[in-house]
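Every number here is computed from the coordinates shown, using simple stated rules; none is lab data. From a predicted model like this one, the values you see are computed outputs, not experimental measurements. Cβ coordinates were reconstructed from backbone atoms using ideal geometry, including for glycine residues, and neighbour counts include every protein chain displayed.
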Amino acid sequence: MNWWNGLVDLVYPRNCQLCEQPLAEEDRGAICGGCLARVKFIEPPCCRQCALPFAGQPRETFQCSYCQDLGFSFERAVAACRAEGVVRAAVLGFKYRRQMYFLPHLAEWLVGAAREWIAWDEVDAIVPVPLHPRKRREREFNQAELLTEYLGRVVGVPVVANAVRRVKDTPTQTRLDAEQRRRNLRGAFQVRRGDRIAGRRVVLVDDVFTTGVTLDSCARVLRQAGARGIIALTVARGV
């Protein structure tokens, strides 16, 4: 097997998919150790509600002014990394260019934060943020669902992939501000498995927390279906 791997590497050199430098023998996945070292993980101090990181020494948790004004439907958010540099490139490559070799890295970052900041013995179900059927057909997968499946296997909590459906085919929100996104997503989600949500504590998973409006819109219908508590969990947090 080592001989075969060496031959394959000779014919098809294993290069980092971000910086194109050759991967070391001990490197796992598609990103080299140098690029991985540049990932910025989110640690306190950060907002307890939206996970927005702030400069300074770790101290007690607080709620930022953005969250005080909005009042999200989820109790708090957990995000693994800042959505910049290496992380942003991996998210965009995976999500929009079907570069599936980034999935293990994204899932590993997600699981790391999930294990550190969430008490899984207090969670009953994991729910991915859904895509509209048209967008899913175009993309051929739901990035949040793939991340959720990976997470569920690791933490041993049931995944309810069809708990929520997206009934409104909204245009892309990339260039919209928070208020525009809120109007764009009004009535976009419906609960389809309320029997598996009522009275349960849920972790809601997506790839990126930007303004929090998508997660909030999805969390709101879960609340209406009787969810007892909701934590939003993402790989990355826009800063």
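Computed from label points 7 Å out along Cα-Cβ, the spacing between Arg183 and Ser65 is 2.4 nm.
Tell me the mean residue ellipticity at 222 nm calculated for the chain from its helices only (DSSP H runs of n ≥ 4, each -39500 (n - 2.57), averaged over every residue, nearest 500).
-10500 deg cm²/dmol
Summarising the strand pairing of the stretch 33-237, around 20 percent of its internal DSSP beta bridges are antiparallel. In the chain, with Lys and Arg counted as +1 and Asp and Glu as -1 at Cβ, which of these residues, Ala51, Val154, Ala30, has the Cα nearest the positive end of the dipole, that is, farthest along it? After comparing all options, I get Ala51.
Each Lys or Arg adds one and each Asp or Glu subtracts one; over the other residues with Cβ under 11 Å from the Cβ of Gly71, this totals -1. For the chain, averaging the sequence separation of C-alpha pairs within contact (under 8 Å, six or more residues apart) and dividing by the residue count gives a relative contact order of 21 percent. Of interest is the spacing of the C-alpha centroids, which for the stretch 222-238 and the stretch 54-108 amounts to 14 Å. With respect to the chain, whose longest principal axis is taken over its alpha-carbon atoms, helix 143-155 is tilted by about 90°. For the chain, the longest principal axis of the alpha carbon atoms and the long axis of helix 2-11 meet at an angle near 90°. Among beta bridges from DSSP that stay inside the stretch 99-212, the antiparallel ones total about 40%. Across the stretch 138-239, the volume of the C-alpha convex hull divided among the residues equals 109 Å³ per residue.
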